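Q: To start, I am sharing the structure in question, which I have written as structure tokens.
The values are calculated or read from the model by the stated rules, or taken from the named source; none is laboratory data. Predicted, not measured: the structure shown is a model, and the values here were computed from it. Virtual Cβ from ideal backbone geometry, glycine too; neighbours counted across all protein chains shown. All accessible areas refer to the heavy atoms of the entire protein, side chains included, with ligands and DNA or RNA removed. Shrake-Rupley method; radii C 1.70, N 1.55, O 1.52, S 1.80 Å.
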Amino acid sequence: MSNSRSATAIASPNIAFIKYWGNRDQNLRIPANGSISMTLGGLETRTTVTFDARLAEDLFLLDGTRTTDAALLRVSHHLDLIRELAGLKLHARVESRNNFPVASGVASSASAFAALTLAACAAAGLDLHARMLSRLARRGSGSASRSIFGGFVECVAGQDDQTSFSQQLAPPEHWELVDLVAVVTREKKPVSSTAGHALADTSPLQAARVADAPRRLQICRDAILTRNFPRLASIAELDSNMMHAVMLTSTPPLAYWNPETVQVMKQVVAWRASGLPVFYTVDAGPNVHCITLAEHAAEISRRLRSIAGILDVLRAPPGDGARLA
Ligand code: PMV
């Protein structure tokens, strides 16, 4: 019998329409509020995990480069959870490649931990249900819990490890939305979302944002299920603004927006007022996700590219959940 066992998984990032910010339990990453996202097709992380008796330590190669810093620790820590479940003592070699720029404002930790969870479980011989995979992925990165599923996905905040998981609301083909990511910088964000979540409770606005979350989730869920674009547009922009209001009023304050971020947000609102179906949502970085319907994507993309300071526009339709390669 061979002394190594290997599996490869593919996962995509996602963009949240109702965002998760702050943890009820920082260690278990139990989110303070539920969230709803769309999995982004075409953007992929491909990860191979090989448990090998000959390895003296875990190895992590990201886009071909061996990583030795905090990223390796986070991967190792995640593998520990899976080793414990499987009763496995072997170290692993983890090779991960993204087909999109990591610092493009697309949340690479979501696809990274969804792919790592599925590949590591398969290599360890664990055959787990999607819900259990989403709980495990959550331990690596809260948003990774949602990337286990394709299409439109809700993360139920829950109270503890058992009750905090994601589930699919609708498959990718349910609605032809497109995410156009207006890239305004390629620099890595100065404050990671892990560090940002820990600051959320220092904002006097966080309690109100969390208390109102069930209402926003309900509107967003309904808007997706009935394909009501104007309703989705207004609730998603409100939710993004509420999260950034919390960030800006944390101690210390987190200001993720650049001048170009605000410019794109204002343009998007003006375009919608003139009749085009488009809305913005911004994560923990300055790049702007502009959501539109497939038939208007070329026009919105052309307009975004004509704005000074926009370096690139990535395009993603609803995509599939994590799968073995
Ligand atoms: O999964 P994390 O820890 O990178 O947090 C994600 C935070 C946001 O992207 C800002 C919001 C979200 O729900 O995806």
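Q: With respect to Arg66, determine if the residue is in contact (Cβ under 8 Å) with a residue 40 or more places away in the chain, open to solvent by 30 Å² or more (accessible area, probe 1.4 Å) and either out of contact with any Asp or Glu (no Cβ under 6 Å at 6 or more places or on another chain) or farther than 25 Å from Ile30 by Cβ (or both).
A: In short, no.
Q: Given the conditions (1) among the polar types (S, T, N, Q); (2) more than 11 Å from the ligand (Cβ to nearest atom); (3) under 16 Å from Trp21 (Cα atoms); (4) surrounded by fewer than 16 Cβ atoms within 10 Å (Cβ to Cβ), report the number of the one that Ser164 does not fulfil.
A: (4)
Q: Out of (1) within 11 Å of the ligand (Cβ to nearest atom); (2) open to solvent by 10 Å² or more (accessible area, probe 1.4 Å); (3) more than 17 Å from Ile291 (Cβ to Cβ), what's the single condition that is false for Arg138?
A: Condition (2) is where Arg138 drops out.
Q: Filter region 239-287 down to residues that are in contact (Cβ under 8 Å) with a residue 40 or more places away in the chain, under 24 Å from Ala308 (Cβ atoms) and away from the ligand (no atom under 13 Å from the Cβ), then give me how many there are.
A: 10
Q: Take Thr39 and decide whether it is more than 13 Å from the ligand (Cβ to nearest atom) and open to solvent by less than 40 Å² (accessible area, probe 1.4 Å).
A: Judged against the criteria, Thr39 is not a match.
Q: Name the residues in region 154-191 that are out of contact with any strand residue (DSSP E or B) (no Cβ under 9 Å at 6 or more places or on another chain) and among the polar types (S, T, N, Q), would you?
A: Of everything in region 154-191, those that are out of contact with any strand residue (DSSP E or B) (no Cβ under 9 Å at 6 or more places or on another chain) and among the polar types (S, T, N, Q) turn out to be Gln162, Thr185.
Q: If only one of Arg5, Arg46, Arg29 is charged (D, E, K, R), open to solvent by 60 Å² or more (accessible area, probe 1.4 Å) and touching a Gly at 6+ places or on another chain (Cβ under 9 Å), which one is it?
A: Only one candidate passes the filter, namely Arg5.
Q: Go through region 115-128 and count every residue that is away from the ligand (no atom under 16 Å from the Cβ) and within 24 Å of Ile36 (Cα to Cα).
A: 2
Q: Another question about this same structure. Can you confirm whether region 48-56 contains a residue that is without any contact (Cβ under 8 Å) to a residue 40 or more places away in the chain and away from the ligand (no atom under 13 Å from the Cβ)?
A: Checked region 48-56: at least one residue is without any contact (Cβ under 8 Å) to a residue 40 or more places away in the chain and away from the ligand (no atom under 13 Å from the Cβ).
Q: Ala112 - would you say it is buried (at least 20 other Cβ atoms within 10 Å of the Cβ), closer than 14 Å to Asp63 by Cα and within 14 Å of the ligand (Cβ to nearest atom)?
A: Criteria met by Ala112.
Q: Moving on. Answer yes or no as to whether Val106 is within 13 Å of the ligand (Cβ to nearest atom) and touching a Pro at 6+ places or on another chain (Cβ under 6 Å).
A: Spelling it out, Val106 is indeed within 13 Å of the ligand (Cβ to nearest atom) and touching a Pro at 6+ places or on another chain (Cβ under 6 Å).
Q: Could you run through region 227-259 and say how many residues are small (Gly, Ala, Ser) and in contact with a Gly (Cβ under 6 Å, 6 or more places away or on another chain)?
A: Residues flagged as small (Gly, Ala, Ser) and in contact with a Gly (Cβ under 6 Å, 6 or more places away or on another chain) within region 227-259 amount to 0.
Q: Name the residues in region 292-310 that are polar (S, T, N, Q) and open to solvent by less than 50 Å² (accessible area, probe 1.4 Å), would you?
A: Residues satisfying the conditions are Thr292, Ser301.
Q: Does Val269 satisfy the condition of being closer than 30 Å to Phe149 by Cβ, aliphatic (A, V, I, L, M) and touching a Phe, Trp or Tyr at 6+ places or on another chain (Cβ under 9 Å)?
A: no
Q: If you don't mind, another one. I need a count of the residues in region 115-128 that are touching a strand residue (DSSP E or B) at 6+ places or on another chain (Cβ under 9 Å) and open to solvent by 30 Å² or more (accessible area, probe 1.4 Å).
A: 2
Q: Is it the case, given these coordinates, that Pro214 is loosely packed, with under 15 Cβ neighbours inside 10 Å, assigned by TED's automatic domain parsing to the domain that holds Asp312 and modelled with pLDDT of 95 or more?
A: Taking the combined requirement at face value, the residue satisfies it.
Q: Specify the residue that is farthest from Ala294 (Cα to Cα); the eligible residues are those in region 182-209 that are β-branched (Val, Ile, Thr), buried (at least 16 other Cβ atoms within 10 Å of the Cβ) and more than 13 Å from the ligand (Cβ to nearest atom).
A: Thr185
Q: A further question on this structure: Quick test for you: out of Arg131, Arg93, Arg83, pick the one residue that is open to solvent by 50 Å² or more (accessible area, probe 1.4 Å), away from the ligand (no atom under 16 Å from the Cβ) and farther than 23 Å from Ala16 by Cβ.
A: Arg93
Q: Does Ser147 satisfy the criteria of being among the small types (Gly, Ala, Ser), under 22 Å from Thr194 (Cβ atoms) and touching a Pro at 6+ places or on another chain (Cβ under 7 Å)?
A: So Ser147 fits the description; yes.
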